Amino acid sequence: MVLISSIVILLTVFYTVLMGAYRKGWRQIPAFETTQTAPTLFVTVIVPARNEAQNIVRILNCLQRQNYPLGSFEIILADDHSDDQTVVVANSLGIANLRIIELAQIPGKRYKKAAITEAIKQAKGEIIVTTDADCSMNEYWLSNIVSFFEQTNAALASGPVLFDWEKSFFKSPANFLLTIQQLEFAGLVGIGGAALQLKFPNMCNGANLAYRRQVFDEVGGYMGNDNLLSGDDEFLMHKVFSRYPDRVHFLKHPSAIVKTPPSFTWGQFWGQRMRWVSKSTKYSDKRITAVLAMAYLFNLLIVVNLIAGFANPFYWALFALQLAAKIIIEYYFYTPILNFFGLPKLRRYIILAEPFHIGYVLTIGILGNFGTYNWKGRKQ
């Protein structure tokens with residue numbers, strides 16, 4: 001009991017300090033203020049796509065509505081062997097600054113990293129901006145990114161991403177599950193931004209990522225992890241950070257938010273999370289893997305103590321200690337992040353989300369590293 005109690009207390013202190021540090025890091029990120037100046041940088045926006053016929057019109061219309069001069073940016077749609085009408089629909093829009101690259105016409109090239117790499121080879125922009133084909137953004141998104149690069153001389157910038165959906169289409173309990181995803185995902189974005197500010201980068205999102213073309217070439221692009229379906233964002237960020245630790249930043253501005261749909265089915269959810277977690281043992285900085293492992297053990301012991309309490313009520317006291325600490329520190333952590341996203345009311349779901357969060361962390365932690373998943377019709 002003494003040994004188990006000591007381990008529980010140490011892990012609880014670790015988790016509390018970790019989440020407290022992430023909150024501090026998030027609050028330390030400077031709130032970016034854009035400047036209204038004539039653009040000096042030509043930008044290439046790359047949209048990798050596979051079977052996105054139902055989404056491609058929305059994302060391309062969002063890009064056409066940007067208040068950045070049309071003559072100062074181009075859009076490259078990099079189609080990854082779509083077997084629907086993605087390319088046909090995109091071509092039918094008649095967008096002047098749109099170019100389409102089809103990997104099916106390039107022997108031996110497939111998957112998202114190859115799509116982005118081929119697009120960069122043909123890009124004219126000094127700044128490369130990537131997003132996903134199922135995303136949307138407001139008209140100030142691109143000008144905020146360019147202004148950020150001009151003011152900070154960033155080598156790479158990670159931007160905020162938010163789950164968004166038409167809530168009128170979903171009723172309880174489905175809407176509740178989507179809301180829980182929204183809460184959890186906001187926390188992941190917050191952790192990614194905070195970790196960058198603390199000079200301990202861990203995660204970012206390719207749906208809202210920008211970097212200098214020259215820097216991409218300098219670090220060798222995706223070389224070294226191009227065999228993985230996932231990781232087009234995080235591994236690149238780590239490589240750039242290792243070379244330019246003071247020039248990798250998080251762009252903290254509401255107008256820089258990119259919106260993306262959550263997983264609408266359990267199958268989509270598990271597949272997405274397994275894809276994300278599959279990278280956890282591949283990081284070159286093993287401190288990230290160690291932190292993830294410690295957080296996993298903390299959540300695991302919550303369940304272990306709950307079950308062990310039926311044999312000895314002492315373990316229920318440890319369970320209560322861990323759960324209370326988790327709820328308190330996460331409420332403290334989430335508050336400034338949800339305020340940034342304009343979602344302060346989501347704090348009411350933190351307690352309700354705990355069983356969901358603990359259960360999926362424990363399950364995905366195993367399946368993501370030892371199981372297989374399907375993504376865009378492909379198995380990894």
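Return the residues of the stretch 191-207 that are over 16 Å from residue 292 (Cα atoms), under 12 Å from the mean Cα position of the chain (by Cα) and either open to solvent by less than 20 Å² (accessible area, probe 1.4 Å) or among the charged types (D, E, K, R) (or both); say none if nothing qualifies.
Within the stretch 191-207, 193, 206, 207 meet the criteria.
For residue 122, all conditions in the list (1) of a type outside the set (D, E, K, R); (2) touching a Lys or Arg at 6+ places or on another chain (Cβ under 9 Å); (3) open to solvent by less than 50 Å² (accessible area, probe 1.4 Å) hold save one; what is the number of the exception?
(3)
Output the number of residues of the stretch 90-105 satisfying the condition of being closer than 16 Å to residue 119 by Cβ and assigned to a helix (DSSP H, G or I).
Residues flagged as closer than 16 Å to residue 119 by Cβ and assigned to a helix (DSSP H, G or I) within the stretch 90-105 amount to 4.
Going by the conditions given, is residue 22 in contact with a helix residue (DSSP H, G or I) (Cβ under 7 Å, 6 or more places away or on another chain), in a helix (DSSP H, G or I) and either surrounded by 13 or more Cβ atoms within 10 Å (Cβ to Cβ) or not hydrophobic (A, V, I, L, M, F, W, C) (or both)?
Answer is yes for this residue.
Considering only residues that are part of a loop (DSSP other than H, G, I, E, B) and open to solvent by 50 Å² or more (accessible area, probe 1.4 Å), look in the stretch 61-80 and name the one that is farthest from residue 38 (Cα to Cα).
65
If you check residue 352 against the conditions, is it of a type in the set (A, V, I, L, M, F, W, C) and within 30 Å of residue 253 (Cα to Cα)?
So residue 352 fits the description; yes.
Does residue 95 satisfy the criteria of being of a type outside the set (D, E, K, R) and open to solvent by 20 Å² or more (accessible area, probe 1.4 Å)?
yes
The values are calculated or read from the model by the stated rules, or taken from the named source; none is laboratory data. Values in this document were obtained by computation on a predicted structure and should not be read as measured data. So basically every Cβ, Gly included, is an ideal-geometry build from the backbone, and we count neighbours across all protein chains shown. Surface areas here come from the heavy atoms of the whole protein model, side chains and all, with no ligands, DNA or RNA. Shrake-Rupley method; radii C 1.70, N 1.55, O 1.52, S 1.80 Å.
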